[in-house]
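FYI, it's all coordinate maths here, none of it is from the lab. Bear in mind the structure is a predicted one, so any value in this text is a computation, not a measurement. All Cβ positions, even for glycine, are placed from backbone atoms using ideal geometry, and neighbour counts span all protein chains on display.
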Amino acid sequence: MKRQPLLILAAALLVCGTAATAVSAAVAANDPLVTQSYAVGGYLETIKARAGAAAQAVLAQKVTPQLEQTEAAYSETATRAALEQRVLAALGGGGAMTDVQLAANKTVTCQAGAELCLTAGSASVTRGTLINLSEGWAVTAPGTLVRNQIYLAADDGAVLQMTGSGTLRIAGSYQIGQAAGGTQESGVRYTAYADALNTLGLFQGSGKGYELSRASTRVEGVVMLIRLLGRETEARQFTGSHPFTDVPAWAAPYVAYAYRQGYTSGISSTEFGASMELRYRDYMTFLLRALGYSDRNGDFSWSTADQMAVSVGIQTASERSAILSSGKFLRDHVAYTSFRALFTKTTEGRRMCDALLLRGAISQDALIDVEEKGL
């Protein structure tokens, strides 16, 4: 093989001890020359390998931990919110969004390009089209808005109506009005609690919103109980039967599951009383059972369920007195007491919401979001 003196390379090797060691193994003691094939092949490949290993070590020891620490600082909810704001900025529609408090039946008429985000309450599109930027689909009348998602008015004159009092974040050109014949929900106090339960996936409305001003039905109360027990997936997949003739089809799996589990019974052998109003002490009984207390074992009785609910922290004494004085038990009260029950300790010594989290019935991000509201 032809040999060429590499004087510059030899000088570099004298400075770099580790590199000199690598080369010295390939030359004789009395021959200071290095073959060109070794310099280009073996030596350079060795140095490249060592440099690659060193880079991987730095990446693993310094860069990766920093990236993981940065990622850990942001929840899925926070990251999604930041991305949505970036989308709005890129669209350049209406600039900064402003929070607007709106009563039930208030309307918002939007010009094309207006941006909206429902952060509390409930609303539906009554005219025109809104584009859900968070999910990528169009919402046309009559369609319901999903809370905490960004919408863009696709045309002039798009109208949404508040079906329950709440808050809209709005940017762009819009006008607020009142739906014809609309009145604010009477006696509603606990929309924020309904919103929190909705965030957790435990409380849902209809095309009319949360309907907090009306009484719940017995079948709605049973569905809420199953959700608070973290058993909704099991109930929806349940294929067993029930003996009742008055249960709507959508609720049949829930009622059959609750009946077979012994959570509730009907008003007769063939009637569940599905459309009957849910009574105050009925629902307090449901909540106490969800917390692990047993009326069958004598922990409480139906007639004292409201008092027991105060004792364990589901409601305050003043709230109990207000409900009894009004003679009404509304979906508004269902939302309030259900939320309070979530953060009450079960007979096992942990909060109901923590039990639901372990069961996978609610998400960690949603629970953090709700707890940060400080209700």
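Below are the figures for this structure:
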read-out: Rough spin-label spacing in nm, given labels placed 7 Å along Cα→Cβ, for residue 371 and residue 250; value: 3.3
read-out: Amide hydrogen neighbours beyond the local backbone of residue 134, cut-off 5 Å, H modeled; value: 150
read-out: Chain lengthening between residue 268 and residue 237 when straightened (0.36 nm per residue, less Cα-Cα); value: 8.6 nm
read-out: Estimated inter-spin distance, residue 189 and residue 279, nm [label 7 Å along Cα→Cβ]; value: 2.3
read-out: Residue 208-residue 296 pseudo-label distance in nm [points 7 Å out on the Cα-to-Cβ vector]; value: 3.6
read-out: Segment residue 54-residue 103, length gained on full extension (0.36 nm per residue, minus Cα span); value: 11.3 nm
read-out: Amide H within-cut-off set for residue 178, under 5 Å, with H built and near neighbours excluded; value: 107
read-out: Theoretical gain in end-to-end length, residue 173 to residue 359 [0.36 nm per residue, Cα-Cα removed]; value: 62.5 nm
